[in-house]
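Undergrad: Sending over a structure as structure tokens; questions will come in a sec.
The values are calculated or read from the model by the stated rules, or taken from the named source; none is laboratory data. These numbers come from a predicted model, not from an experiment. Please note: Cβ atoms are built from the backbone with ideal geometry, for glycine as well, and neighbour counts cover all protein chains shown. We work out accessible area using only protein heavy atoms, side chains counted, and drop any ligands, DNA or RNA first. Shrake-Rupley method; radii C 1.70, N 1.55, O 1.52, S 1.80 Å.
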Amino acid sequence: MPAPRPRDAATLILVRRDSAQPAILMGRRSGGHDFMPGKWVFPGGRIDRADYRAAALSELRAEVAEELAATARLSRQDGARLARALAQTAVRETFEETGLIFGHRSGETLHSDLSGLSYIARAITPPARHKRFDARFLLADASGLQTLEPTDSRELNDLAWFTTAEARELDLPTVTRAVLDVVDLHISGQRPQTTPFWRWTRNMPGRAL
């Protein structure tokens with residue numbers, strides 16, 4: 001059977017720096033999920049049509065918008081619109097899964113602070129999976145949050161802040177473990193020369209830089 005087409009998705013990695021060691025927010029996926037049940041992950045999810053027109057307090061920095069736009073897979077996709085929508089997806093999914101607001105909320109409207117986001121990695125789910133995602137991993141400083149206390153949701157449970165060393169002791173998906181190495185580099189100020197991009201074929205995993 002042909003592999004399902006990957007769905008555009010975005011993940012937000014929040015870094016808290018108010019202790020001796022930086023910490024990142026992670027939660028455990030419900031055991032009832034048919035995609036990575038019980039695994040510890042960063043908040044995130046697939047893009048929604050509404051993300052293309054969602055409100056924002058600020059826009060992506062030019063270099064981040066350009067990098068995200070270049071990840072468009074389909075010739076008919078507008079890279080600039082996709083870049084903004086991916087950033088909105090990351091902020092929205094974080095709010096829905098953790099209750100944390102990266103920006104400002106007015107009534108039912110979430111106004112995202114897109115200028116605080118950086119693009120650090122990308123991964124496409126293996127073709128053997130019944131669900132596939134083209135996930136872009138975004139990074140932001142937790143100082144942009146209105147509160148540092150997350151709330152569990154139907155998507156993520158046991159939400160907590162972990163050092164990257166503590167996170168590596170959790171039950172992680174393979175790609176999440178790889179992304180932690182990239183997070184460590186960014187936290188230490190050693191951004192990779194190229195953005196890591198993991199993708200898998202039916203025969204073996206691969207990595208393109």
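Undergrad: Given 0.36 nm per residue, what is the gain on full extension from T109 to L148 after removing their alpha carbon distance, in nm?
TA: That pair, T109 and L148, stretches by 12.0 nm at full extension.
Undergrad: If you don't mind, another one. Under a point-charge model restricted to the Cβ atoms of Lys and Arg (+1) and Asp and Glu (-1), what is the dipole moment magnitude of the range 39-85 relative to its Cα centre, in debye to the nearest 20?
TA: It comes to approximately 280 debye.
Undergrad: Classify the range 3-111 as rounded, prolate or oblate from the Cα gyration tensor: take a ≥ b ≥ c as the square roots of its eigenvalues, call it rounded if a/c is under 1.5, otherwise prolate when a/b beats b/c and oblate if not.
TA: Oblate shape, in that a/c is at least 1.5 and b/c is the bigger or equal ratio.
Undergrad: With both partners inside the chain, how many of the DSSP beta bridges are antiparallel, as a percent to the nearest 5? All intermediate terms of the calculation are to be shown ahead of the outcome.
TA: Details: 27 of 41 bridges.
That works out to approximately 65 percent antiparallel.
Undergrad: Ignoring any ligand, DNA or RNA, what whole percent of the accessible area of the range 18-114 comes from carbon and sulfur when the probe is 1.4 angstrom? Spell out each step's value before the answer.
TA: Values: 2200 of 4700 Å².
The value for the range 18-114 is 47 percent carbon and sulfur by accessible area.
Undergrad: Can you tell me the length gained on complete extension of the stretch A20 to A160, counting 0.36 nm per residue apart and subtracting the Cα distance?
TA: Values: separation 140, 0.36 × 140 = 50.40 nm, distance 1.66 nm.
Net length gain for the segment: 48.7 nm.
Undergrad: Tell me, what is the 1.4 Å probe accessible area of I120, in Å² to the nearest 10?
TA: 0 Å²
Undergrad: Another question, if that's okay. Residues with amide H under 5 Å of E155's amide H, sequence separation 5 or more or different chain, H placed in the peptide plane at 1.01 Å from N; which?
TA: none
Undergrad: When ligands, DNA and RNA are left out and all protein chains stay put, how many square angstrom of accessible area per residue does the chain have with a 1.4 Å probe?
TA: On the way: 10670 Å² over 209 residues.
I get 51 Å² per residue for this part.
Undergrad: Further question: Taking the Cα centre of the range 1-98 as origin, work out the dipole magnitude from +1 charges on Lys and Arg Cβ and -1 charges on Asp and Glu Cβ, in debye rounded to 20.
TA: Details: 16 positive and 13 negative charges, 50 e Å.
Roughly 240 debye for the range 1-98.
Undergrad: Expected output is a single nm value to one decimal: the length gained when fully extending between E66 and F197, i.e. 0.36 nm times separation in residues minus the C-alpha distance. What is it?
TA: Residue separation times 0.36 nm, minus the Cα-Cα distance, leaves 45.6 nm.
Undergrad: Using the Cα centre of the chain as the reference point, and only Cβ charges (+1 on K/R, -1 on D/E), how large is the resulting charge dipole? Debye, rounded to the nearest 20. Mind showing how you got there, number by number?
TA: Numbers: 29 positive and 26 negative charges, 205 e Å.
So the magnitude is around 980 debye.
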